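Report on one structure; see the data block that follows.
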Amino acid sequence: MPETHVPSTATSDPLRILITGSAGFVGSHLVERFLNEGHTVIGVDNYISGQVSNTDLFREHPRFTFIEADVSHGIPYTGDKLDWVMHFASPASPPHYQQFPVETLMVGAQGTQNGLELAHAHGAGFFLASTSEVYGDPLVHPQPETYWGNVNPIGVRSCYDEAKRYAEAITMAYHRSRGVNTRIIRIFNTYGPRMRPDDGRVITNFVHQALRGEPLTVYGDGSQTRSFQYIDDLVEGISRLMMVKYHEPVNLGNDEEFTMLQLIEILRDVLQKPLHHDFHLLPSDDPVKRRPCLMRRREVIGEFLAKPLNSGIENMIGDLNN
Ligand code: NAD
Ligand code: UDP
């Protein structure tokens, strides 16, 4: 299918969209895209891992409203009829969710249910941000959506992994038993401008360490792999999936796979300067490898050109320098 003919929110009628986690990295990019396309956006966040500066970007926009609230305790929205509730609230970086394990479980459980109830009451669609972490330390590679995963249910990552698995389960339950028009995406490692400099994720750490001239902190021997998706590609996938009635989970990611040592090589090429690294303990349950199978994504929302890692990192660094 040629790219220009793929339906997305860019060509839809104006929508009223409530986004939980709007002050986070991904949430703020969704707010930006939807406002630019003429939609009305209500952002909700409690700043547990987000940034006030991400709300400030849109505060003066006539079609943006912000509600400061913890969505695990309820979503205090009393406005006009919503078309979509998009549930992106959750600490997402391993250091953040391990610092707030109970809050992470709650936002995946009660937060998701509160979003589903709101969507149901408004006859709106419900869009869940799930994660590649539902596959745990995968025994199948690359990971298709049909793989049920290999998750340690009591490990340090379980507060996140199991919260998202529950979130997927309750989303399917509301779809099956209450007819809510749901979507579930499993996001693979995504990066770009507006990540919190201290979020602890690998690209953020490496970029900031390199810019400060510090050694890059490689956990383990650096042979573990990840597949990194640029934020604009994720947002495009989300926008397209909203326009297709497909209720099973869809992987959204980039299927190029890198070891952490290869990631350092890419960064070295981008920065054109020597980089040094040292080795640190590998955190427990850190997945050995991860790469999405994207067959379903291609079938459901079509193909698009993904941004290569080097130019995505260039953009991210360019944004930091502005
Ligand atoms: P982020 O931490 O930058 O953003 C999450 C936002 O949710 C933050 O602003 C935070 O303050 C808010 N939040 C958390 N709990 C809340 C609560 N109870 N009430 C209100 N707001 C709350 O993380 P992100 O990278 O933007 O991730 C966004 C979503 O995408 C998350 O659900 C995450 O699990 C999912 N995801 C992201 C990635 C990635 O690589 N970025 C990968 C997989 C899944
Ligand atoms: N990692 C690393 N150095 C860092 C941060 C992370 O080597 O400073 C590794 C981490 O052990 C993992 C990979 O990078 O294997 C990706 O980590 P991240 O926290 O970005 O995301 P994850 O995929 O683990 O949720």
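Over the stretch 223-322, what is the relative contact order in whole percent, taking alpha-carbon pairs under 8 Å and six or more residues apart?
46 percent
Could you name the lysines whose alpha carbon sits less than 24 Å from that of residue 307, not counting residues in the same chain fewer than 8 places away?
Filter leaves 273, 289.
Which far-off residues, 5 or more places away or on another chain, put their amide H under 5 Å from the one on residue 182, with H placed in the peptide plane?
126
For residue 219 and residue 319, what does the FRET efficiency come to when R0 = 41 Å and r is the distance between their Cβ atoms, rounded to the nearest 0.05?
For residue 219 and residue 319, the calculated efficiency is 0.95.
Assuming a ≥ b ≥ c are the square roots of the Cα gyration tensor eigenvalues, decide whether the stretch 11-142 counts as rounded (a/c under 1.5), prolate (otherwise, with a/b larger than b/c) or oblate.
Prolate, because a/c is 1.5 or more and a/b exceeds b/c.
So if the hydrodynamic radius of the chain is defined as the Kirkwood radius over C-alpha pairs, what does Stokes-Einstein give as its diffusion coefficient at 20 °C and 1.002 mPa s, in µm² per second?
The diffusion coefficient I find is 108 µm²/s.
So for each of 27-40, 195-208 I average, over its residues, the number of other beta carbons within 10 Å; can you give me the resulting order with the highest mean first?
Highest mean packing first, the order is 27-40, 195-208.
Just tell me, in residue order, which DSSP H segments of the chain are both 24 angstrom or longer along the helix axis (alpha-carbon based) and at least -0.5 in mean Kyte-Doolittle hydropathy.
What comes out of the filter, once short or polar helices are dropped, is 101-122.
Run lengths n ≥ 4 of DSSP H only: what is the helix-derived mean residue ellipticity at 222 nm for the chain, with -39500 (n - 2.57) per run over all residues, to the nearest 500?
Rounded to the nearest 500, it is -11500 deg cm²/dmol.
What residues qualify as long-range amide H neighbours of residue 291, i.e. H under 5 Å apart, gap of 5 or more or another chain, H built at 1.01 Å from N?
Residues meeting the criterion, in which the H sits 1.01 Å from N, are 143.
Under 20 °C and 1.002 mPa s, how fast does the stretch 84-202 diffuse according to Stokes-Einstein, given a Kirkwood radius computed over C-alpha pairs? Answer in µm²/s, whole number.
Diffusion coefficient, whole number: 144 µm²/s.
Dipole of the chain, Cα-centred, from +1 at each Lys and Arg C-beta and -1 at each Asp and Glu C-beta, to the nearest 20 debye?
Dipole about the Cα centre, nearest 20: 500 debye.
Evaluate the relative contact order of the chain (contact order divided by residue number), counting alpha-carbon pairs under 8 angstrom at least 6 apart; express in whole percent.
In percent, rounded to a whole number, it is 18.
Find out how many positive minus negative residues lie around residue 231, taking Lys and Arg as positive, Asp and Glu as negative, among other residues whose Cβ is under 13 Å from that of residue 231.
Taking every Cβ under 13 Å from that of residue 231, the sum is -1.
Quick check: from the Cα gyration tensor, does the stretch 211-322 come out rounded (a/c under 1.5), prolate or oblate?
Taking the square roots of the gyration eigenvalues as a ≥ b ≥ c, the stretch 211-322 is oblate.
Straight-line reach from residue 81: which lysines have a Cα under 28 Å away, not including same-chain ones fewer than 8 places off?
Cα-Cα hits under 28 Å: 164, 245.
What does the extension gain come out to for residue 52 and residue 255, with contour length at 0.36 nm per residue minus their alpha carbon separation?
Taking residue 52 through residue 255 to full extension adds about 69.8 nm, to one decimal.
Values in this text are rule-based calculations from the coordinates and carry no lab data. Predicted, not measured: the structure shown is a model, and the values here were computed from it. Glycine gets a Cβ as well: all are built from the backbone with ideal geometry, and neighbour counts include every protein chain shown.
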